[in-house]
Amino acid sequence: MISSSIDRPLPTVQIAVFSAKAYDQAFLLRAATAEIEFQCYELGLNPATAVMAQDAEVVSAFVNDDLCRETLIQLANGGTRLIALRCAGFNQVDLPAASELGIRVVNVPAYSPYAVAEHTIALMLALSRKLPRAYNRVRDGNFSLDGLLGFDFYGKTLGIVGGGKIGLLVAERMRAFGCRVLIYDPYSETICRQQGYETVELNKLFDSSDIITLHCPLNEQTRHLINRDSVARLKQGVMLINTSRGALMDTQAVLDGLKAHHIAYLGMDVYEQEGSLFFEDHSLDIIQDDVIQRLITLPNVIVTGHQAYFTREALQHIAETTVSNILEYLHDKPLTYQVGG
Ligand code: NAI
């Protein structure tokens with residue numbers, strides 16, 4: 001955290017905050033100092049809404065905001081010099097364009113890896129023990145066990161793609177369940193091995209795992225890491241979990257794998273096309289996305305709306321780090337969490 005002592009008095013700086021729900025605003029207000037004032041908008045940031053940030057030197061954005069070149073040009077023309085992301089991932093930002101336009105970008109690299117790891121395991125358990133079905137059944141006075149048969153995690157093989165902060169927390173917790181844990185992470189093999197995990201090639205992980213969970217970032221190497229070919233390699237009856245980024249999976253290929261009874265369980269907290277759906281109430285809408293609608297109808301699929309991070313501890317950490325990032329910029333200090341050039 002940055003020190004609260006101020007080197008030189010500054011006028012209050014207005015920060016334009018996009019995709020700010022009431023819960024974000026509450027935590028940001030609590031973390032704010034006298035130097036900054038948050039101007040919060042529920043709307044997402046994109047080329048159409050960037051005009052709302054006119055004259056805001058600092059803009060704060062979230063995971064599904066569209067920080068493409070067009071948005072960035074508008075922001076730069078309006079005087080923006082810093083984008084303070086309130087998330088870890090920055091695949092939604094055209095970083096080369098930001099750099100060209102003289103806009104620096106900072107993120108919150110880890111807010112609560114525990115929150116995401118715990119949600120990942122919640123999805124695994126809810127799927128294996130069919131908890132949504134059991135919950136609804138009992139509420140209807142139906143105590144039959146037909147159709148609720150689960151399986152033990154003990155003795156199963158868990159494959160983790162990405163042995164970083166979240167992946168290793170999942171590994172540690174699933175080892176306690178008695179799972180054999182395999183990790184594929186070409187950049188962190190030594191650390192994974194030092195922690196006692198077996199590291200394997202991706203295809204070996206696909207061939208051997210009863211449960212596969214994705215914890216790597218989204219980039220050109222990992223886009224559609226789960227595709228038609230990899231689905232064909234997976235063990236019959238596999239459980240697939242994605243709490244990382246939607247585009248790590250070719251969702252249509254996964255849906256086809258489910259329909260063919262090849263994939264037996266799917267838990268996802270992220271979705272490739274989530275930008276137009278997640279974080280909003282669409283309960284009265286006719287959702288036009290047939291892939292997600294079909295997935296939601298399947299009894300062996302649980303979809304949550306990008307809520308893995310959503311704990312009190314994480315929101316507090318996001319707000320505090322965002323404020324700290326902004327204060328570093330305002331005080332001309334090195335930006336601890338700058339991403340890109
Ligand atoms: P991290 O940076 O600590 O770990 C990522 C790991 O992936 C690193 O060890 C890296 O070496 C590895 N990796 C990179 N390229 C890879 C590849 N091609 N194949 C396999 N592994 C590769 O990140 P952390 O904190 O563990 O987060 C993981 C992901 O979780 C993030 O990228 C983000 O997309 C997602 N996330 C999701 C949230 C949610 O609410 N659903 C919240 C926060 C993060």
Need pairs with beta-carbon distance below 6 Å; first residue touching a residue at least 12 places away in the same chain (Cβ under 8 Å) and among the aromatic types (F, W, Y) and within the range 195-211, second away from the ligand (no atom under 14 Å from the Cβ) and part of a helix (DSSP H, G or I); sequence gap 6+ or separate chains. F206/R233
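State whether the residues of the range 224-236 include one that is near the ligand (Cβ under 10 Å from one of its atoms) and modelled with pLDDT of 95 or more. Even if it seems obvious, please write down each step before you answer.
Going through the range 224-236, the residues near the ligand (Cβ under 10 Å from one of its atoms) turn out to be 225.
Next cut, modelled with pLDDT of 95 or more only: 225.
The answer is yes, given that some residue of the range 224-236 is near the ligand (Cβ under 10 Å from one of its atoms) and modelled with pLDDT of 95 or more.
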Just one of L284, L330, L295 is aliphatic (A, V, I, L, M), away from the ligand (no atom under 16 Å from the Cβ), in the same structural domain as P132 (by TED's automatic domain parsing) and over 21 Å from the mean Cα position of the chain (by Cα); which is it? L284
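Quick grid of which residues meet (1) among the polar types (S, T, N, Q); (2) under 27 Å from H262 (Cβ atoms):
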| position | (1), (2) |
| --- | --- |
| E172 | no, no |
| F177 | no, yes |
| S188 | yes, no |
| N203 | yes, yes |
| S209 | yes, yes |
Which ranges mark the helices (runs of 4 or more DSSP H) fully within the range 131-200 that have 2 or more residues being away from the ligand (no atom under 15 Å from the Cβ)? 131-139, 165-176
Have a look at T190, T199, T213 and point out the one that is surrounded by 22 or more Cβ atoms within 10 Å (Cβ to Cβ) and assigned by TED's automatic domain parsing to the domain that holds L248. T213
When you go through (1) within 16 Å of the ligand (Cβ to nearest atom); (2) among the β-branched types (V, I, T); (3) in the same structural domain as A53 (by TED's automatic domain parsing) one by one for T120, which number turns out not to apply? (3)
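Only one residue in I292, I296, I302, I287 is loosely packed, with under 14 Cβ neighbours inside 10 Å and within 27 Å of L148 (Cβ to Cβ). Which one?
I296
Yes/no per residue for (1) within 21 Å of E274 (Cα to Cα); (2) touching a strand residue (DSSP E or B) at 6+ places or on another chain (Cβ under 8 Å):
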| site | (1), (2) |
| --- | --- |
| I36 | no, yes |
| E42 | yes, no |
| A56 | no, yes |
| A76 | no, no |
| L85 | yes, yes |
| G89 | yes, no |
| R104 | no, yes |
| R133 | no, no |
| N136 | no, no |
Here the residues within the range 117-172 that are on the phi > 0 side of the Ramachandran plot, crowded, with 17+ Cβ neighbours inside 10 Å and touching a Gly at 6+ places or on another chain (Cβ under 7 Å) are K130
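When only residues in the range 206-223 that are part of a loop (DSSP other than H, G, I, E, B) and of a type in the set (S, T, Y) count, which is nearest to the ligand (Cβ to nearest atom)?
Among those residues, the one meeting the criterion is T222.
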Can you tell me which residues in the range 28-46 are among the β-branched types (V, I, T) and surrounded by fewer than 17 Cβ atoms within 10 Å (Cβ to Cβ)? T33
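The values are calculated or read from the model by the stated rules, or taken from the named source; none is laboratory data. Nothing here was measured: the structure is a model prediction, and the numbers come from that model. Every residue, glycine among them, receives a Cβ derived from its backbone with ideal geometry; neighbour counts consider all protein chains shown.
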